[in-house]
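This report concerns only the one structure given below.
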Amino acid sequence: MSKQIVLASASPSRKRILESVGISPLIRISGVDEETPELLALSPADLVLTLAILKAHTVHKHSPEITNALIIGCDSTFEFKGESLGKPGSREKAIERCHLLSGQSGYLHTGHSVIDTDQGLEVSDISTSKVTFATMSEEEIRNYVDTGEPLEVAGGFTLDGHSAPFITHIEGDPSGIIGLSLPTLRKITINLGIDWSALVPVKVAP
């Protein structure tokens, strides 16, 4: 029997990643406060894993009607010199962020937490990839920021958007950099005792 996939995220990129492999997720937004002092005090890797768990549990708690499902919580941040760089949130901070990362490298962490509603089991894991940026001119930075893209994405960049020309090298999983690692999700489902084919609808070729 196939499983209903519930994505505890408002991220269009995460939704697109699942849809790219034939999964049509049900969207449930957790509304978890990501800016509490307790969370911000965590290391970048611990932060994304904790938030992924909180998001999955919050949706599970408030959606008792959802059964035969896998609830997926995710969160991402960019680690640069030991500091967590989340969403810039403003044009000024996005410009500052571009200057900071221009010609530099850092690590994109994406935490995943998956709850199997029927088994009452949960598995969490993290995907980490190294990202290297080109040296950007002042005009490139301002033109990029003016697209509005970097304001609401972790680190102020995304691999599948306007910032792609400025990412010269990655070491790791591309889907994890975008926001949801498909290889990590597959590993989690296997650890839950579920075959990947239970998530992806079978299409028989004519």
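Each listed q (0.20 Å⁻¹) maps to a log10 I(q)/I(0) for region 5-92 from the Debye sum over equal C-alpha point scatterers, namely -0.99. How much of the calculated P(r) for region 108-202 lies past 20 Å, in percent of all Cα pairs? Result: 48 percent of Cα pairs exceed 20 Å. With K and R counted +1 and D and E -1, the other residues having a Cβ less than 14 Å from that of ASP75 yield a net charge of -4. Helical runs (DSSP H, four residues minimum) scored at -39500 (n - 2.57) apiece and divided by the length of the chain put the mean residue ellipticity at 222 nm at -9000 deg cm²/dmol. Using the Cβ atoms and a cut-off under 15 Å, what net charge is assigned to the surroundings of VAL114, where Lys and Arg are +1 and Asp and Glu are -1? Local net charge: 0. Above 25 Å, the calculated P(r) of the chain contains 38 percent of its Cα-Cα pairs.
Among the listed pairs LYS61/LYS187; LYS55/LYS81; LYS3/LYS87; LYS61/LYS130, which are separated by more than 30 Å between their Cα atoms? Among LYS61/LYS187; LYS55/LYS81; LYS3/LYS87; LYS61/LYS130, the Cα-Cα distance tops 30 Å for LYS3/LYS87; LYS61/LYS130. With the largest listed first and rounded to whole Å, the semi-axes of the equivalent ellipsoid of region 31-146 from the Cα gyration tensor are 33, 14, 13.
The average projected area of region 75-134, computed from the convex hull of its Cα atoms over all directions, is 5.2 nm².
Per-residue 3J(HN,Hα) values for region 181-194, derived from phi via the Karplus relation 6.51 cos²θ - 1.76 cosθ + 1.60 with θ = phi - 60°, read 7, 5, x, 5, 4, 4, 4, 5, 4, 5, 5, 7, x, 10 Hz in sequence order (x marks Gly and Pro).
Converting phi to 3J(HN,Hα) with the Karplus coefficients 6.51, -1.76 and 1.60 and the offset θ = phi - 60°, region 93-110 yields 5, 5, 5, 4, 5, 4, 4, 5, 8, 3, x, 10, 10, x, 10, 9, 9, 10 Hz in sequence order, with x at every glycine or proline.
Using Cβ point charges alone (K and R +1, D and E -1), the dipole size of the chain about the Cα centre works out to roughly 500 debye.
We did not get these values from a lab; they are worked out from the coordinates using the rules stated. Treat the numbers as computed from the prediction; the structure is a model and nothing was measured. All Cβ positions, glycine included, derive from the backbone under ideal geometry; neighbour counts span all protein chains shown.
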